[in-house]
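The values are calculated or read from the model by the stated rules, or taken from the named source; none is laboratory data. A quick note: this is a predicted structure, and the numbers were derived from the prediction, not measured. Using ideal geometry, Cβ is built from the backbone for each residue, glycine included, and neighbour counts are taken over all protein chains shown.
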Amino acid sequence: MLSRLCDFMPGLVTLLNYERKWFSDDVKAALSVATVALPVAIAYAQLTGVNAAVGLYSCILPMLIYALFGTSRQLIVGPDAATCAVIAAVVTPLAAGDSVKHWQLVVTMTAMTGFWCLIASRFKLGVLADFLSKPILMGLLNGVAITIIVGQFSKVLGFSFDEKYLLERLGNIPSYLTQTHIPTLMMALLTVGIYFTMKRLRPTWPPAMFAITIGAILVWLFNLQQFEIQSIGTVTGGLPLFQTPMLNVGVIRELVMPALNLAIISFVSMMLTARSFAAKNGYDIDADKEFRALGMANFASALSQGFAVSGADSRTAVNDANGGKTQLVSIIAAAIIAIIALFLTGPLEFIPSAALGVVLIIASIHLLDLKAIWQLRRQDRQAFYLALVTLFAVLFIGVIPGITLAVLLGLFQFIRTVMRPSDQILGVDKNGVVRSLDASDKAKAVDGIFIYRFNSPLTYFNSGYFKRRLLEQYARQKDDIEVVIIDAVPCFTHLDLSVMAMLEDLDKIFRKRAVRFELAGRKRQLRAWFKQVGMTSGSDGIYIHSDLYIALEINKNKQNTDKALQQDAQVKELS
């Protein structure tokens, strides 16, 4: 019973085997994580368009749930810039200015994101961690970062954008600059100064926390609201007020695909962070269980009236840098944030909006890495164009369509790889090892034998390409080819009737040319498939061998036997 429970809750294994020597490091890391998470959670709540307390609610239960169900010892879950930008882009037009409806939609979309994650975990779709290639994710995150930065300039300069899309906002920047509110701008510049001064003088202290705290103290001491410096206003403390999720069928229909996109993006982003820190600390993580943990964390956030969460790379880095050893860091940090959310929300109302805008801009700048995209230009042109298309899609057509396009690009990239994979002609080196023929000349072609490898599973949509490539490569060979051997291991992974029909066509083509057509590898599986579809193998059909080496040995022996018979026949004729 305990073993099944521990398998369902991997974090419980670490907590049950907790060593006392880890405790001081975990407490220190938890305090650091909480001080970084607090200002970021409040800022992301503003980005999402909900009350600051909702940002705190989005940290507490999700962190506790992940500590029990996650497989990473260092990962911290919580509000994330990309997820919040996505939610805001989807929910804001649907809410139409109704704050209660806005919150309900946020909670509904968060629950739907959790639902998609649990469905993916149930069907073991952890492989989706590799679904979005790094170039696509780079373009996506850079696009989201630029969108957030431009959007937060309105908070920093003290005006409101009338336009929905980035291009229109950028086009009207000159007119907006004339509306700059000087006191708000001064508060923003003060926040920037405090942030970077603290970062320089005390690198291990949380600069965002100090910058926001000093800004709030100044607003409170000098009543800066009289100068029209906006603050976040009243923050309702205590337990979250339950908001009924939106059950309107039309609204839910609008949220289905954005929630699916958000689930994929959140998971891929989380896995990049989790894997990097797992590799650094010498352990493995389970992608399917991570999907389940992310789903349950999002359900927990929705239950506590919070918004969608993901793996927080900055807070995870803080955890690791301060020596955090186990998931207890998340539990302690969640307890600290809970105390503040329940009893100490009063001072939060004085936090200036301009200071939060600065924090969001700085956090987004850390996401920004245009140099890495440009470097792809020299490393891999195809990857560079993928990243660039994704970046411009997010900037020009919006976050949600851009994410949808990124998902489709990932799918098309995969389909293209499967449909048009690489292939090789194989030979044998001086040690008798089968390897591909290339410019190094380490391997030589086997006389009279043509060996072909297709580096993708064969299915109905690439069987025609396989046939065409095989015949093209065969046509380039000498006229003395007696046998064509296909390396069946990489390409015959499942039964496909179109592939079987294509094999019969190839066998007919080669028989007309007096060439034997053979498959090497997966012998038992291929024979079962042949029998299932009514195809014959052996002398009356396609030859099937256990592997390439046996196929080569049999064919070489046959060649030697044929030569010997020819020599005997010649001797008899002469005699």
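Within the range 17-32, restricting attention to residues that are part of a helix (DSSP H, G or I) and hydroxyl-bearing (Ser, Thr, Tyr), the residue that is farthest from residue 315 (Cα to Cα) is 24.
Exactly one residue out of 219, 127, 144 is hydrophobic (A, V, I, L, M, F, W, C), exposed (fewer than 14 other Cβ atoms within 10 Å of the Cβ) and in contact (Cβ under 8 Å) with a residue 12 or more places away in the chain, and it is 127. Among the residues of the range 353-376, those identified as farther than 16 Å from residue 207 by Cα, modelled with pLDDT of 85 or more and not β-branched (Val, Ile, Thr) are 353, 368, 369, 370, 371, 372, 374, 375, 376.
Only one residue in 477, 567, 525, 532 is in contact with a strand residue (DSSP E or B) (Cβ under 6 Å, 6 or more places away or on another chain), in the same structural domain as residue 429 (by TED's automatic domain parsing), of a type outside the set (A, V, I, L, M) and surrounded by fewer than 16 Cβ atoms within 10 Å (Cβ to Cβ), so which one is that? Show your work before the answer.
Working: 567 fails: in contact with a strand residue (DSSP E or B) (Cβ under 6 Å, 6 or more places away or on another chain); 525 fails: in contact with a strand residue (DSSP E or B) (Cβ under 6 Å, 6 or more places away or on another chain); 532 fails: in contact with a strand residue (DSSP E or B) (Cβ under 6 Å, 6 or more places away or on another chain).
On inspection, the qualifying residue turns out to be 477.
Selection within the range 32-46: residues that are modelled with pLDDT of 90 or more and not small (Gly, Ala, Ser). The member of this set that is surrounded by the most Cβ atoms within 10 Å (Cβ to Cβ) is 44.
A single entry from 111, 145, 120, 85 fulfils the requirement of being in a helix (DSSP H, G or I), more than 24 Å from residue 292 (Cα to Cα) and modelled with pLDDT of 85 or more: 145.
Criterion first (more than 19 Å from residue 318 (Cα to Cα) and in contact with a strand residue (DSSP E or B) (Cβ under 9 Å, 6 or more places away or on another chain)) does residue 293 satisfy it?
Numbers: more than 19 Å from residue 318 (Cα to Cα): yes; in contact with a strand residue (DSSP E or B) (Cβ under 9 Å, 6 or more places away or on another chain): yes.
So residue 293 fits the description; yes.
Within the range 72-90, residues that are farther than 21 Å from residue 35 by Cβ and in the same structural domain as residue 101 (by TED's automatic domain parsing) have Cβ atoms under 6 Å from residues that are surrounded by 24 or more Cβ atoms within 10 Å (Cβ to Cβ) and not hydrophobic (A, V, I, L, M, F, W, C) in these pairs: 83/266; 83/310; 87/48; 88/48, counting only partners at least 6 apart in sequence or on another chain.
Hey, among the residues in the range 171-181 that are assigned to a helix (DSSP H, G or I) and touching a helix residue (DSSP H, G or I) at 6+ places or on another chain (Cβ under 9 Å), which one's surrounded by the most Cβ atoms within 10 Å (Cβ to Cβ)?
Filtering first and then ranking leaves 176.
Confirm whether residue 404 is more than 30 Å from residue 196 (Cα to Cα) and crowded, with 21+ Cβ neighbours inside 10 Å. So residue 404 fails the test.
Take the residues in the range 48-67 that are over 22 Å from the mean Cα position of the chain (by Cα) and among the hydrophobic types (A, V, I, L, M, F, W, C); name whichever of them is surrounded by the fewest Cβ atoms within 10 Å (Cβ to Cβ). Before you say what the answer is, go through the steps one by one.
Initial filter on the range 48-67 (over 22 Å from the mean Cα position of the chain (by Cα)): 49-57, 60-61, 64.
Those still in the list that are among the hydrophobic types (A, V, I, L, M, F, W, C) too: 50, 52-54, 56, 60-61, 64.
On the way: 50: 25, 52: 23, 53: 26, 54: 29, 56: 27, 60: 26, 61: 23, 64: 21.
Of everything passing the filter in the range 48-67, 64 is surrounded by the fewest Cβ atoms within 10 Å (Cβ to Cβ).
The residue that is nearest to residue 404 (Cα to Cα), counting only those in the range 79-88 that are of a type in the set (A, V, I, L, M) and within 20 Å of the chain's Cα centre (by Cα), is 86.
Which one of 303, 272, 328 is assigned by TED's automatic domain parsing to the domain that holds residue 84, surrounded by fewer than 24 Cβ atoms within 10 Å (Cβ to Cβ) and within 22 Å of residue 127 (Cβ to Cβ)?
Values: 303 fails: within 22 Å of residue 127 (Cβ to Cβ); 328 fails: within 22 Å of residue 127 (Cβ to Cβ).
None of the other options fit; the residue is 272.
For the range 182-213, a tally of residues being surrounded by fewer than 18 Cβ atoms within 10 Å (Cβ to Cβ), of a type outside the set (Lys, Arg) and within 25 Å of residue 29 (Cβ to Cβ) returns 6. Kindly indicate whether any position in the range 105-118 is more than 16 Å from residue 263 (Cβ to Cβ) and either in contact (Cβ under 8 Å) with a residue 24 or more places away in the chain or in the same structural domain as residue 267 (by TED's automatic domain parsing) (or both). Checking the range 105-118: at least one residue is more than 16 Å from residue 263 (Cβ to Cβ) and either in contact (Cβ under 8 Å) with a residue 24 or more places away in the chain or in the same structural domain as residue 267 (by TED's automatic domain parsing) (or both).
Taking the residues in the range 157-170 that are in contact with a Leu (Cβ under 7 Å, 6 or more places away or on another chain) and not in a loop (DSSP other than H, G, I, E, B) as candidates, determine which candidate is surrounded by the most Cβ atoms within 10 Å (Cβ to Cβ). Explain how you work it out, then say what you get.
As a first pass, look at the range 157-170 and keep what is in contact with a Leu (Cβ under 7 Å, 6 or more places away or on another chain): 157-158, 166.
Those left that are additionally not in a loop (DSSP other than H, G, I, E, B): 157, 166.
Numbers: 157: 18, 166: 20.
The extreme case among them is 166.
Among the residues of the range 436-448, those identified as out of contact with any Asp or Glu (no Cβ under 7 Å at 6 or more places or on another chain) and not acidic (Asp, Glu) are 436, 437, 439, 440, 444, 445, 446. Based on what the data block shows, is residue 379 surrounded by fewer than 22 Cβ atoms within 10 Å (Cβ to Cβ), modelled with pLDDT of 90 or more and in the same structural domain as residue 266 (by TED's automatic domain parsing)? Against the criterion (surrounded by fewer than 22 Cβ atoms within 10 Å (Cβ to Cβ), modelled with pLDDT of 90 or more and in the same structural domain as residue 266 (by TED's automatic domain parsing)), residue 379 does not qualify. Within the span defined as the range 438-451, every residue fails to be touching a residue at least 40 places away in the same chain (Cβ under 8 Å), surrounded by fewer than 15 Cβ atoms within 10 Å (Cβ to Cβ) and hydrophobic (A, V, I, L, M, F, W, C).
Of the residues 403, 415, only one is under 21 Å from the mean Cα position of the chain (by Cα) and closer than 25 Å to residue 468 by Cβ; which?
415
Output the residues belonging to the range 191-216 that are in contact with a Pro (Cβ under 9 Å, 6 or more places away or on another chain) and touching a residue at least 40 places away in the same chain (Cβ under 8 Å). Hits for the range 191-216 are 191, 195, 206, 208, 209, 211, 212, 215, 216. For the range 383-423, the candidate set comprises residues that are within 30 Å of residue 548 (Cα to Cα) and assigned to a helix (DSSP H, G or I); within that set, the residue that is modelled with the highest pLDDT is 419.
Within the bounds of the range 413-425, is there any residue that is hydroxyl-bearing (Ser, Thr, Tyr) and crowded, with 16+ Cβ neighbours inside 10 Å?
There is no residue in the range 413-425 that is hydroxyl-bearing (Ser, Thr, Tyr) and crowded, with 16+ Cβ neighbours inside 10 Å.
Quick one: which of 466, 461, 492 is buried (at least 16 other Cβ atoms within 10 Å of the Cβ) and out of contact with any Gly (no Cβ under 9 Å at 6 or more places or on another chain)?
On the way: 461 fails: buried (at least 16 other Cβ atoms within 10 Å of the Cβ); 492 fails: out of contact with any Gly (no Cβ under 9 Å at 6 or more places or on another chain).
Checking each option against the conditions leaves just 466.
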